[in-house]
Amino acid sequence: MRVRARKLAGPTEEEQLWRVQELERCKLDISYWINKYCKTFDPRPENYPNHLDFKLYPFQEDYIGWLEECYRASRDGFAEKSREMGATWGGAAWLDHHWLFDDGFHALLGSRKEELVDKKGEPATLFWKLQYIIDRLPAWMQPFGWDPERHHTFMRILHPVNGNVLSGESANRDFSRQGRYSVIWMDEFAFW
């Protein structure tokens with residue numbers, strides 16, 4: 001009974017202060033945020049349970065740092081990698097971080113065909129990964145009012161508080177032609 005009453009009362013002042021400090025730490029340190037709060041998914045039987053804590057390997061931390069350097073310097077980047085390196089999941093977490101913590105962030109994501117960008121319920125898509133990470137954050141870290149049914153429409157995830165947008169588009173000759181973006185992310189670019 002006491003636990004339920006405490007939950008209904010909400011966080012204490014001490015917990016609220018900790019959350020504010022924790023959010024600031026997460027905002028300043030992407031790797032810390034990913035390692036502490038993000039989840040990843042691996043459907044293979046040998047990785048059961050399939051919902052895993054996202055723990056970055058050192059080379060993945062370097063990758064996240066490189067993405068951040070490219071972004072801050074407004075510089076193009078090309079990541080040549082082999083399979084199973086976690087580049088797409090790492091990129092999704094990096095994009096979600098900026099969507100969550102930055103003001104005025106608008107990213108365009110693309111892949112070689114529409115079905116790989118966004119298809120409801122399909123784990124192979126970029127937008128499924130983006131939403132998967134957001135949905136598994138602690139409720140106090142998710143944007144106030146976050147409702148995936150309202151805020152994740154086809155090829156678009158809208159931050160309900162700061163208005164940040166993650167947009168999607170398939171590969172085509174006019175990709176990214178209209179609009180301005182903080183970042184353009186082209187997944188599986190070698191196959192476009």
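The values are calculated or read from the model by the stated rules, or taken from the named source; none is laboratory data. Source: prediction; values computed, not measured. A quick note on method: Cβ atoms are made from the backbone with ideal geometry, for glycine too, and the neighbour counts reach across all protein chains shown. To get the accessible areas, we keep the full protein, side chains included, count just its heavy atoms, and leave off ligands, DNA and RNA. Shrake-Rupley method; radii C 1.70, N 1.55, O 1.52, S 1.80 Å.
Side notes on the structure shown:
- Per-peptide average of other Cβ atoms within 10 Å, ordering 60-69, 144-153, 115-124 highest first: 60-69, 115-124, 144-153
- Of all accessible heavy-atom area on region 121-175, the percent that carbon and sulfur account for (1.4 Å): 50
- Reachable lysines from residue 129, criterion Cα separation under 26 angstrom, eight or more residues apart if same chain: 27, 36, 39, 55, 81, 113, 119, 120
- Karplus-derived 3J(HN,Hα) values for region 92-109, using 6.51 cos²θ - 1.76 cosθ + 1.60 with θ = phi - 60°, are 5, 5, 4, 5, 4, 4, 5, 4, 6, 10, 8, 9, x, 8, 9, 10, 10, 10 Hz; glycine and proline are entered as x.
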